Amino acid sequence: MVTVCDTGFSSEANQSYLRRAGGHYITGIKMREGSHRADQALARQGRYQEVRDNLRVKEVRLDGDEGRRFIICHNPTEAERDAARREDQLTAIREELTRIKTAREADATKAKAKAAKTGKRPTAPSDAPHRKAECALRDHPALGRWLKQHPTTGRLSIDTAKVAAEARLDGKYLLATSDPDLSAEDIALGYKNLLEAERAFRT
């Protein structure tokens with residue numbers, strides 16, 4: 001029997017349990033959160049095999065993991081969606097950062113003009129509204145992941161390293177199996193059956 005499970009069930013203990021009495025598993029492997037296996041798998045060279053429309057697969061072997069096979073799955077259509085979704089979010093971030101910068105500069109200009117008019121020494125305008133806007137952007141559930149904050153000034157900027165790392169994952173997911181005989185195609189389609197079952201449950 002081959003059990004198919006998602007990334008939430010992919011611990012070493014669970015995989016060992018599923019292999020008792022000669023069973024096997026197909027499981028998703030987390031590709032984010034600094035996954036060493038995912039980094040190793042993505043670094044492996046090799047050609048993708050066309051399986052179905054919008055599904056390509058590539059089997060890779062990882063050092064020190066002889067009893068397990070890894071399959072990288074790639075969906076070109078989903079990759080385009082991932083890239084477009086990310087670019088929409090980055091555009092929204094750029095626009096908000098520009099708005100905050102413009103508002104901050106406008107306040108500084110007003111403070112200088114007021115000081116020149118009164119003949120007094122210019123005082124720094126309150127930065128609280130702009131800081132509040134930056135905090136809201138940083139803590140945004142969708143946009144905050146693309147930002148980094150300067151350790152001394154507190155200013156926000158786009159984390160280009162994070163953007164590049166995510167771009168490598170567009171349309172991809174990683175599977176592992178203990179079964180020595182299943183083809184890479186059967187492994188990928190077996191996992192897709194799990195996704196179909198979950199979609200049916202949600203419906």
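The values are calculated or read from the model by the stated rules, or taken from the named source; none is laboratory data. Since the structure is predicted, the reported quantities are computational estimates derived from the model, not experimental observations. In this analysis, Cβ positions are derived from the backbone assuming ideal geometry, glycine residues included, and neighbour counts consider all displayed protein chains. Just so you know, the surface numbers come from the protein's heavy atoms only, side chains and all, with ligands and any DNA or RNA stripped out. Shrake-Rupley method; radii C 1.70, N 1.55, O 1.52, S 1.80 Å.
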Report task. Restrict the check to the stretch 41-52 and report whether at least one residue is outside any strand (DSSP E or B), among the small types (Gly, Ala, Ser) and buried (at least 16 other Cβ atoms within 10 Å of the Cβ). Result -> yes
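Give Pro141, Pro180 a once-over and let me know the one that is touching a strand residue (DSSP E or B) at 6+ places or on another chain (Cβ under 9 Å) and either aliphatic (A, V, I, L, M) or closer than 30 Å to Gly28 by Cβ (or both). Give the derivation first.
Details: Pro141 fails: touching a strand residue (DSSP E or B) at 6+ places or on another chain (Cβ under 9 Å).
Among Pro141, Pro180, only Pro180 is touching a strand residue (DSSP E or B) at 6+ places or on another chain (Cβ under 9 Å) and either aliphatic (A, V, I, L, M) or closer than 30 Å to Gly28 by Cβ (or both).
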Report summary line: Quick count over the stretch 48-58, residues being without any contact (Cβ under 8 Å) to a residue 40 or more places away in the chain and under 19 Å from Ala167 (Cα atoms), is 3
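Could you run through the stretch 143-157 and say how many residues are open to solvent by 30 Å² or more (accessible area, probe 1.4 Å) and in a loop (DSSP other than H, G, I, E, B)?
If we filter the stretch 143-157 for residues that are open to solvent by 30 Å² or more (accessible area, probe 1.4 Å), which is where we start, we get 145, 148-153, 155, 157.
Filter once more, so that each one left must be in a loop (DSSP other than H, G, I, E, B): 150-153, 155.
The qualifying residues number 5.
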Requested in this report: Take the stretch 103-142 and flag every residue that is touching a helix residue (DSSP H, G or I) at 6+ places or on another chain (Cβ under 8 Å), open to solvent by 80 Å² or more (accessible area, probe 1.4 Å) and either at pLDDT 90 or above or on the phi > 0 side of the Ramachandran plot (or both).
Outcome: Arg138
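Would you mind stating whether Ile100 is open to solvent by less than 50 Å² (accessible area, probe 1.4 Å), in a helix (DSSP H, G or I) and not acidic (Asp, Glu)? Outline the logic, then answer.
On the way: open to solvent by less than 50 Å² (accessible area, probe 1.4 Å): yes; in a helix (DSSP H, G or I): yes; not acidic (Asp, Glu): yes.
Yes, satisfied.
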**Report entry** Pair list, Cβ < 9 Å and 6+ apart or interchain, from the stretch 6-31 residues that are open to solvent by 70 Å² or more (accessible area, probe 1.4 Å) to residues that are outside any helix (DSSP H, G or I) and among the hydrophobic types (A, V, I, L, M, F, W, C)
**Finding:** Ala21/Met1; Lys30/Leu174
**Report entry** Residues satisfying the stated conditions in the stretch 109-129, i.e. farther than 18 Å from Gly154 by Cα and either of a type in the set (Phe, Trp, Tyr) or assigned to a helix (DSSP H, G or I) (or both)
**Finding:** Thr109, Lys110, Ala111, Lys112, Ala113, Lys114, Ala115, Ala116, Lys117, Thr118
